[in-house]
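Worksheet: the structure to be examined is printed underneath.
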Amino acid sequence: MDLKIASASATDAERQAVDALLGPPPEAARGAERDERSHRVARGGASLRALRHLMLPVLHAVNDRVGWLSRGAINYVSQRLDVAPAEVYGVATFYALFSTAERPARQVHVCVDLACRAAGGHTEADLPPGAHASPCLGLCERAPALMVLEAGERPTRAVEAPVPRPRVAEVVAGGACGVEPAVAAAAPQTPDDSLVLLHRVGRVAPTLAGYLSSGGYEALRRAHEIGPAAVVDEVTASGLVGRGGAAFPTGRKWAAVASQPATPHHLVCNADESEPGTFKDRVLIEGDPFALLESMTIAAWATGCGHGWVYLRGEYPRAEATLRAAIDEARAAGWLGPRIGPAGQSFDVEIVRGGGAYICGEETAIFNSIEGHRGEPRNKPPFPVEVGLFGKPTVVNNVETLVNVPAIVSGGGAAYAGWGTEGSRGRKLFCLSGAVARPGVYEVAFGATLRHLIDLAGGMRAGATMRAVLLGGAAGGFGGPDDLARPLTRAAARAAGTTLGSGVVLVLDESVDLVDQMMRIADFFHDESCGQCVPCRVGTVRQREALARLVAARGAAPDARAADVALLRELAQVMRDASICGLGQTAPNAIDSAISRLGVLA
Amino acid sequence: MVGLATVFGAGGGTSSYADIEQTDVIVLWGSNARSAHPIFFHHVLQGVRNGAKLYVVDPRRTESAQWADLWLGLDVGTDIALAHTVAREIIHAGLVRRDFVERATSGFAEYAASVEEWTLERGSAVTGVPADAIRELAHAYARAPRAQMCWTLGITEHHNGVDNVLALINLALLCGHVGRPGSGLNPLRGQNNVQGGGDMGALPNKLPGFQDVEDDVARAKFDAVWGTPVPPRNGWNLTQMFEAMGRGDLRTLYVIGENPAQSEADGAHAEHLLGSLDFLVVQDIFLTKTAGLADVVLPGSASWCEGEGTVTNSERRVQRVRKALNPPGDARDDCAIIVELARRMGRDWSYPTMEHVWDELRSLSPMHAGMSYARLEALGGIQWPCFSEDTLEPPYLHGRLWADDPASRGRLAPFSVVRDEPPVEATDAQYPLRLTTGRRLDSYNTGVQSRGFDSPLRTGETVDVSPEDAASLGVADGETVRIVSRRGEVTAPVRVDEGLRPGLVFMTMHFPDEVDVNRLTIDATDPKSGTAEFKAAAVRIERLPVPAWT
C-alpha cells in the first residue's frame, strides 16, 4: 500500500479545524506560510512535539468538521505536531469512529451488541445499507440503541433508544433522533435516601447549586482538614477496591502514587466504559457530574496530582456535555483551578474524548491514547503508580470507584467497610438489562443475592422465563437460574467461575439465541483486539473460527468436533497465559462458560 | 581533523556518545546527521529525549532540522560570519567563560578584537539569518551548563574548511564547552573506520598515533622498529596528489578502497589525470570506475567480515573485527596483499597473525599502548588515548585543560583569528543558483557500496529545488532538466523540496554513473586540508526542449 501522505494538502476546512484547536502554526514551522523569514529560521522540535497529546483531540476536530480523515488532513496534523505521517495514520486508523476513506458527513452507528440484539435489535447481517454496526453503545437499559454523528461547522452527536427496527430505517434515511429520556429513568431505585452512590441521580439537577444544596463538596472540605495522608488512610480502611473489573485496592494505589518522588503526579479517571452491557458510569456522569469532580479533586489532593484527565468514551454525547458544563461551572466558582478552598489546592480537569476503542479502557492503553499514540496496552511492570501517563506516577481509577470516595471521607473508612462482606467491602452498582421489568443501574451493598437484584428491577419481564444471565460482560461469564441465590461478592463469583467485573447483569430469557450471543462475544473480541500481541491478535481470530465450525457441526458426532473443542481449550490457555493485557486474557471466559455451563453447543 | 589537531594537538572528536546523550544543548552545524550519520543521530535523539535542545545550522531545512528547536538557514559559505557574530554576542552579553579562557587558552584579546565588527546586524546581513535567531543560538550555547558542537562536511567541504572548523572551536573555547563531561567538539565521520585510518597514520603528515612525520624523535622510533628510514618529509594529500599528477610529478598511484575517479570535484578532470598515469594500481572489493582505469586491480577483502583487525568509530573507540568468511575467489586479505607486495620488493615482513601487527603498533603509538586484544575483547572496545594496560582515560578528551596545576594543563588551546570569505564561485546572472551537495539517507558516497541492493527510498538522483524556483522556472516535480555550471552540465529530474529557499538547489554524488554531479562542482580546495569546495558551486537550470511527440 503506497499512501503518499506527505504530498497531500489539507482543505481549508480541515486546516481551520486543526488550527481552531492548536492555534495558528508557529513561526516558520512546517505547514506554515512560506515567507522570507521561513526561509531562514524554523522553530519546532520539542515545542511542536510537546503537543503530541493533542493528537486525538485534533483528529476528533477534523472528523467533527468534515466527517473523515483525508490524507491532506493527516499530513497537516503530522506537520503541526511534528509526528511522522505514518504515525498519524497509525493513530487515525486505530479508532472505530474515524475513517480514512471519504464518507458522508452523517454517520449512523447501530448497536449490534449483546443487550440490543437480545432486545430484537439489528445484527451485523441485517443492518440497513449505510449504517455502521457498532459495539455496545452503553444504552442497554433501553435497548436497542443507535447513535448519529453528523460532521459540519456545528457537528452534532445524538443517540436514540429504544429504537425499533422501523425507526432505525427512518433515522438511517435522515430522520432526526428523538429526545433522550431524563436520566432518572436509568436509575429506577431513586428517590431512596439510603443510596450512597446514586442518591442524587435523577433527583438533584446536575448543577453546582443543586450539588452544594445536597451535601456536595463537604467531603472535599473534610479532606482538606484532615490532610492527604489521612485521606489515603480512610480509603485504605474502607476496603475500597477498583470497580472497573480488576479489583485492585484503591488505598494501596493511592499510597503508592503519593509516595513517589518523581513529579508531577497524574490522575486519570477511566470513563471509557465499553464493556458490553455496562452503563453505570454514563448514568453517574449524566446524573451527578459534580460528584465525580469532587471525588477527583479529593483523589488529587490525597496523591499530589495537579492535573486530572477524564477519558470519556466517544459514544457518550450527553455525558460529555453534562460533564463539560459541570467543569466550566466548577472552574468559574473556584472548585477547580489554582486555589481550591482555604487549603489552596491546585487541580484542574480536562476531558479526553475516546475514538471508539474498547481496549482504551485498559489502564495503560488509556495512557497511550491520551499521549497521542495508538491505544495499545503497555507491558507491566513498570506499573502506572510508578511510570504512568507521560512516564510519571499516575492514579488511574474508574468513575464508579472514585464516586465512592466522598462517602468514605465524610463518613469514615470504617463505616464504609461496614457495608458488604468480609472480602467485598462497600457498595456496588449493577447494570441490569435484558429481560427484567425495570432495567437500569441499581445500587446494593456487596453480598446481596442475584435474586434480590432482579427483584429490585421488578423481577422478570412479564411472560419471560430466565434462561441465562451474563455477569461481568463480554469479559465475564454466563450463569443460569441455579445461580440466583448466589451472593454478589467477588469470592462467590470466583467460586462460580465468573466475575462481577464491571457490574453487568444481562438477563436473557428463553427467546434469546444463546449461540448468537456467544458468537457475538467472539466477534467482539476479534474486532476489539488491538493487534499488538500475538496470543490475542491471532487467538481471537482462531477462537471465532473454531466456534463457527463447532456451531455448524452441531449434532455431529463428538469425534468430529473433538479437534475444535481441544483447540478452543488450548487457545484459551495461551491467551490467558501470554496476552499482554486483560482483553486477551479474558476473551475466552464468557465463551467457555457458555459452552460448559449453558451447554450451548450440545 | 586539521583544525582540531591545530588547537588541541589531536585530531579527533572530543566527546563520547554518552556525552551527546547527557548534555543540555546540541548544535549540529553543517550536518544533516539524520540522513548522513544516522547512527550518530540516534545518540543525538537520545540526548533530545533526555531534554537537550537541538540547534541546526544548515542552508537547507534538512531532515535533521525537523528535530531542531531552532533551525538557522544561513547562506552557503557564511559559516565564519555566523560563528563570529555568535562569538561577539557571547562576548558582549558577558557570557564568556572567563575562568576557562584565562587558564586554558591563549590569544583571546586578539580574537575578541577580530570579531568585534561582527554585530548582530552585520552578521544577519551577511549570513541571511535573522538577528534574533543568531542571538538565541549564542545565548543558548553560552548559557548551557553542557553543550555539544557537532559538524561535518557542511563545514569542511569549503575552500576555507579548516578556518570554518577553527571558527567553531573558538566558540567552544569561549564558553568552556570542551574537556568536560557533556561538553565537546565533534566532527562526525562518514566511514565506520575513517577515524581508524587517521589513527593508523594514513595521513600525509602523520605516523600512527598522530605522531608528526617531521618530528625526528618520533620518526627515529619507527625507523628502529621498521628497520628502514621513514622519509623525513610530509607527503601529499589527495588534492596535492592530483596537482602533482597535473604537473607530471606523480606518475604512479596505488589506490586502496577509494574511488577518486568519481568522488573528486571536477570529475572529468580527475578522470583524465588518472587515465594519463604511467601506472595505476587499485585494490578494492568492487570494480569501481577508478579500478576500470587501472593497470592492475588487486581484489581485496571486505574488512568487516573477511578479515581480522580493529576499527575505530567516531567516538575514538577501537573495536575488534573478526573474520567470519573467506574472501571469494582470488580475493585476498588486504593486509596479506601488502605483505606479499613487500616480499616481492625484497622485504620479508613476518606477521603470523593480525595481533602481531597490532602489538607492533601498540609498541609505537603511546595512545594505543594499553589496548591489548584481550583487553579490547573484555571491555568491548576502548577509547583512545589508552596509555597502559592497567588504566583507562576519561571518555572525553582534553580534560587536562581544566586542571588546576598549570603543568598538567599542557599546551594552552589557542584562539584562531580567521577571516570570513565568500565561496570562490559567486552566483551571477548566468549562473544564478547556488548548488550545494550532500548525502541522502539510503545511499553512500559514490554509491559503490550502496547500489548493490535495493532501497524503496532510493529512486535515483534528483536536483532538489525550492517550490518558488520550480514555479519561476516553470518546471514540475519529476521533470527532467539540465543543470549547467561553468565546468560542465548534467541532466536530472526535479524534486521540489520545501526545505530549500529560492536560489538554493541541492544534489548528491550518489549516482555518478547516471548523473555525475561532480562535473558541476568546483575544484577549489582548502590549502590546509586539501578538501574541495563541494558545498558551493554556481549553476543554472534549463528546461529541456519538449519532444515533438508529446
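The values are calculated or read from the model by the stated rules, or taken from the named source; none is laboratory data. No experiment lies behind these values; they were computed from the predicted model shown. In this analysis, Cβ positions are derived from the backbone assuming ideal geometry, glycine residues included, and neighbour counts consider all displayed protein chains.
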Exercise for review: Determine if segment A:506-524 includes at least one residue that is under 28 Å from A:ASP126 (Cα atoms), surrounded by 21 or more Cβ atoms within 10 Å (Cβ to Cβ) and without any contact (Cβ under 8 Å) to a residue 60 or more places away in the chain.
Suggested key: no
Practice item. Look through B:THR521, B:THR525, B:THR531 and report the one residue that is more than 14 Å from chain A (Cβ to nearest Cβ), hydroxyl-bearing (Ser, Thr, Tyr) and within 21 Å of B:PRO432 (Cα to Cα). Key: B:THR521
Study note, to complete from the structure: Among residues of segment B:41-52 being assigned to a loop (DSSP other than H, G, I, E, B) and among the small types (Gly, Ala, Ser), the residue nearest to the chain's Cα centre (by Cα) is B:ALA52
Check your understanding: Given B:ALA218, B:ALA291, B:ALA244, which one is without any contact (Cβ under 8 Å) to a residue 40 or more places away in the chain, of a type in the set (A, V, I, L, M, F, W, C), under 30 Å from B:GLU425 (Cβ atoms) and not in a loop (DSSP other than H, G, I, E, B)?
Key -> B:ALA244
Exercise for review: Scan segment A:563-578 and give yes if some residue there is outside any helix (DSSP H, G or I), at pLDDT below 95 and more than 30 Å from A:VAL91 (Cα to Cα), otherwise no.
Suggested key: no
Review point. Of the residues in segment B:57-69, how many are over 20 Å from B:PRO502 (Cβ atoms) and modelled with pLDDT of 95 or more?
Key: 0
Check your understanding: Of all residues in segment B:184-208, which are among the small types (Gly, Ala, Ser) and more than 15 Å from B:LEU4 (Cα to Cα)?
Key -> B:GLY190, B:GLY196, B:GLY197, B:GLY201, B:ALA202
Check your understanding: Residues in segment B:209-217: is at least one under 27 Å from the mean Cα position of the chain (by Cα) and at positive phi?
Key -> yes
Practice item. Please go through segment B:529-543 and pick out each residue that is in a loop (DSSP other than H, G, I, E, B) and touching an Asp or Glu at 6+ places or on another chain (Cβ under 8 Å). Key: B:THR531, B:GLU533, B:PHE534, B:LYS535, B:ALA536
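Would you confirm whether any residue within segment B:82-91 is away from every other protein chain (no Cβ under 11 Å), surrounded by fewer than 21 Cβ atoms within 10 Å (Cβ to Cβ) and outside any helix (DSSP H, G or I)?
no
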Point to revise | Among the residues listed as B:ASN192, B:ASN186, the single one being touching a strand residue (DSSP E or B) at 6+ places or on another chain (Cβ under 9 Å) and in a loop (DSSP other than H, G, I, E, B) | key: B:ASN192
Exercise for review: Scan segment B:113-143 residue by residue and report those that are in contact with a Cys (Cβ under 8 Å, 6 or more places away or on another chain) and hydrophobic (A, V, I, L, M, F, W, C).
Suggested key: B:ALA142
Exercise for review: Please determine, by comparing only the residues of segment B:397-439 that are crowded, with 21+ Cβ neighbours inside 10 Å and more than 29 Å from B:ALA5 (Cα to Cα), which one is farthest from the chain's Cα centre (by Cα).
Suggested key: B:LEU433
Check your understanding: Given B:LEU207, B:LEU203, B:LEU253, which one is of a type outside the set (S, T, N, Q), in contact with a strand residue (DSSP E or B) (Cβ under 7 Å, 6 or more places away or on another chain) and either farther than 24 Å from B:GLY399 by Cβ or buried (at least 17 other Cβ atoms within 10 Å of the Cβ) (or both)?
Key -> B:LEU253
Check your understanding: Given segment A:434-544, what helices (runs of 4 or more DSSP H) lie entirely inside it while holding 3 or more residues that are of a type in the set (Asp, Glu), within 30 Å of A:ALA357 (Cβ to Cβ) and under 24 Å from the mean Cα position of the chain (by Cα)?
Key -> A:514-528
Practice item. For residues that are within 9 Å of chain A (Cβ to nearest Cβ) and part of a loop (DSSP other than H, G, I, E, B), scanning just segment B:53-69, find the one that is farthest from B:VAL25 (Cα to Cα). Key: B:ARG61
Review point. Looking only at residues in segment B:2-26 that are aliphatic (A, V, I, L, M) and within 13 Å of another protein chain (Cβ to nearest Cβ), which one is surrounded by the most Cβ atoms within 10 Å (Cβ to Cβ)?
Key: B:ILE26
Revision key, fill the gap. Scanning segment A:22-56 residue by residue, those of a type in the set (Gly, Ala, Ser), at the interface with another protein chain (Cβ under 9 Å from one of its Cβ atoms) and in contact with a helix residue (DSSP H, G or I) (Cβ under 9 Å, 6 or more places away or on another chain) turn out to be A:ALA28, A:ALA42, A:GLY44, A:GLY45, A:ALA46
Review point. Given segment B:130-180, what helices (runs of 4 or more DSSP H) lie entirely inside it while holding 2 or more residues that are within 14 Å of chain A (Cβ to nearest Cβ) and among the small types (Gly, Ala, Ser)?
Key: B:131-143
Exercise for review: Determine which member of the set A:THR263, A:THR278 is over 25 Å from A:LEU470 (Cβ atoms), in contact (Cβ under 8 Å) with a residue 40 or more places away in the chain and assigned to a loop (DSSP other than H, G, I, E, B).
Suggested key: A:THR263
Exercise for review: Taking the residues in segment A:57-92 that are within 14 Å of chain B (Cβ to nearest Cβ) and aliphatic (A, V, I, L, M) as candidates, determine which candidate is farthest from A:GLU376 (Cα to Cα).
Suggested key: A:LEU81
Exercise for review: Tell me, please, whether a residue that is of a type outside the set (S, T, N, Q), surrounded by 14 or more Cβ atoms within 10 Å (Cβ to Cβ), in contact (Cβ under 8 Å) with a residue 40 or more places away in the chain and under 25 Å from B:ARG60 (Cα atoms) can be found in segment A:31-41.
Suggested key: yes
Check your understanding: Somewhere in segment B:442-459, is a residue touching a strand residue (DSSP E or B) at 6+ places or on another chain (Cβ under 8 Å), farther than 23 Å from B:GLY30 by Cβ and within 14 Å of chain A (Cβ to nearest Cβ)?
Key -> no
Study note, to complete from the structure: Among (1) surrounded by 21 or more Cβ atoms within 10 Å (Cβ to Cβ); (2) away from chain A (no Cβ under 14 Å); (3) β-branched (Val, Ile, Thr); (4) closer than 26 Å to B:ALA429 by Cβ, B:VAL465 falls short only on (2)
